[in-house]
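What follows is a set of notes on a single structure, which appears directly below.
The values are calculated or read from the model by the stated rules, or taken from the named source; none is laboratory data. Model, not experiment: these values are computed from the prediction. Cβ atoms come from the backbone with ideal geometry, glycine included; neighbour counts cover every protein chain shown. Note: areas computed on protein heavy atoms with side chains; ligands, DNA, RNA excluded. Shrake-Rupley method; radii C 1.70, N 1.55, O 1.52, S 1.80 Å.
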Amino acid sequence: MNRRGFLKLLTSLLGLSALGAFLYPLFRYLTPGAATASAKPLTIPQSELPLDAVKDLLVKGTPAIIIHTKDKGYIALSRVCTHLGCLVNYDKARQIFICPCHSGTFDLEGNVISGPPPRPLPRYAVKVADGNIVIG
Ligand code: FES
């Protein structure tokens with residue numbers, strides 16, 4: 001292979017990899033269902049969450065928390081603050097969620113108590129079936 005042929009081959013390979021680098025994200029953007037279609041509801045055994053227990057989870061890739069309360073049963077909420085997206089922390093003693101970024105607070109059901117968050121924390125549907133807690 002002469003120098004001209006080598007440069008043509010090299011240019012073609014670089015062009016193909018640049019095209020692939022452009023087309024792959026475009027394909028992923030245009031077919032989001034393919035990535036989420038396999039997302040099943042999250043299931044955890046009831047035995048893992050006794051009364052007053054708290055568990056951090058990932059629900060469809062979003063940090064979340066589930067709490068087993070005496071009065072309200074299972075409550076599953078997103079931990080992503082509705083203000084600017086920081087992760088809220090659960091204060092078990094006060095039974096509230098506190099955002100570390102701007103001190104927004106939420107009650108046990110995710111409703112805003114104080115601070116800048118404009119909306120409640122998103123809540124996930126929870127049901128119990130066959131000894132399992134099904135979330136989302
Ligand atoms: S990000 Fe939570 S209060 Fe601002």
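Tabulated data
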item: Gain in span if fully extended, residue 58 to residue 43, counting 0.36 nm per residue against the direct Cα distance; result: 4.3 nm
item: Residue-level accessible surface for residue 56, protein heavy atoms, 1.4 Å, Å²; result: 100 Å²
item: Protection proxy ranking of 44-54, 125-135 - average other beta-carbon atoms within 10 Å, highest first; result: 125-135, 44-54
item: Order by protection proxy (mean Cβ within 10 Å, highest first), peptides 76-89, 100-113; result: 76-89, 100-113
item: Convex hull volume per residue in cubic angstrom - Cα atoms of the range 47-136; result: 89 Å³
